[in-house]
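Here is the structure we will look at.
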Amino acid sequence: MLGSAAAFLVRALTSPSIQTILTIVIGVALFYVLSSGFVALGAVRTLPSFGYGTQFLLQLQAGAPNAIADALARQELMNNIRHLRNETAYQALRNGLILLFAALLLFATMLAYEYC
């Protein structure tokens, strides 16, 4: 849907160089938005969790001295990975929306310049 709207905006301008620039900016914006979606889907999927379940209970019953500390350290690592994936998705989405806004601003400026 955004691609169709972008094609309509690009065709509304008469300058080929501005059309090319606008196409590139919108293409990069779409890339950022799509990549943020893929990264966010990777962060949503179930990541390994530590500190519960049958294996953890068996380690506790076997008297593993560092079972709780090991589970906490591994869970902290998974939480950091999840946080970094989410942060990357937010930054990519932000960059895509900024580029899309810049493209719309360029389109509005050039359209106003052509009609004035």
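The charge dipole of the chain, taken about its Cα centre with unit charges on the Cβ of Lys, Arg, Asp and Glu (plus for the first two, minus for the last two), comes to roughly 120 debye. Global size of the chain: 24.0, 82 Å for Rg and Dmax (C-alpha atoms, Rg to one decimal, Dmax whole).
Quantify, in whole percent, the carbon and sulfur part of the accessible surface of the chain (1.4 Å probe; protein heavy atoms only). Walk me through the numbers on the way to the answer.
Numbers: 5710 of 8220 Å².
That fraction is 69 percent.
With every protein chain in place and a 1.4 angstrom probe, the accessible-area ranking of Arg74, Arg45, Arg85, Arg11, largest first, reads Arg11, Arg45, Arg74, Arg85. Helices assigned as whole DSSP H runs in the chain whose Cα atoms extend at least 30 Å along their own long axis and whose mean Kyte-Doolittle hydropathy is -1.0 or higher are found at 16-44, 67-115.
Each residue was assigned an accessible area with a 1.4 Å probe, and for Leu106 the value is about 50 Å². Considering only alpha-carbon pairs that sit under 8 angstrom and 6 or more positions apart, the relative contact order computed for the chain is 43 percent.
Taking 0.36 nm per residue of separation and subtracting the current Cα-Cα distance, fully stretching the chain between Ile81 and Ala12 would add 20.4 nm.
Candidates Leu2, His83, Ala103 compared by Cα position along the dipole of the chain: farthest toward the positive end lies Leu2, with charges placed on Cβ. From its DSSP helices (H runs of at least four residues, each -39,500 (n - 2.57)), the chain gives a residue-normalised ellipticity at 222 nm of -29500 deg cm²/dmol. Our note on the geometry: Cα centres of the range 47-81 and the range 12-31, 51 Å apart.
Of the residues Ile68, Ile81, ranked by 1.4 Å probe accessible area with the largest first, the sequence reads Ile68, Ile81.
The values are calculated or read from the model by the stated rules, or taken from the named source; none is laboratory data. Predicted model, so just to flag it, every value in this text is computed and none were measured. A quick note on method: Cβ atoms are made from the backbone with ideal geometry, for glycine too, and the neighbour counts reach across all protein chains shown. Only protein heavy atoms, including side chains, enter the accessible area calculation; ligands, DNA and RNA are left aside. Shrake-Rupley method; radii C 1.70, N 1.55, O 1.52, S 1.80 Å.
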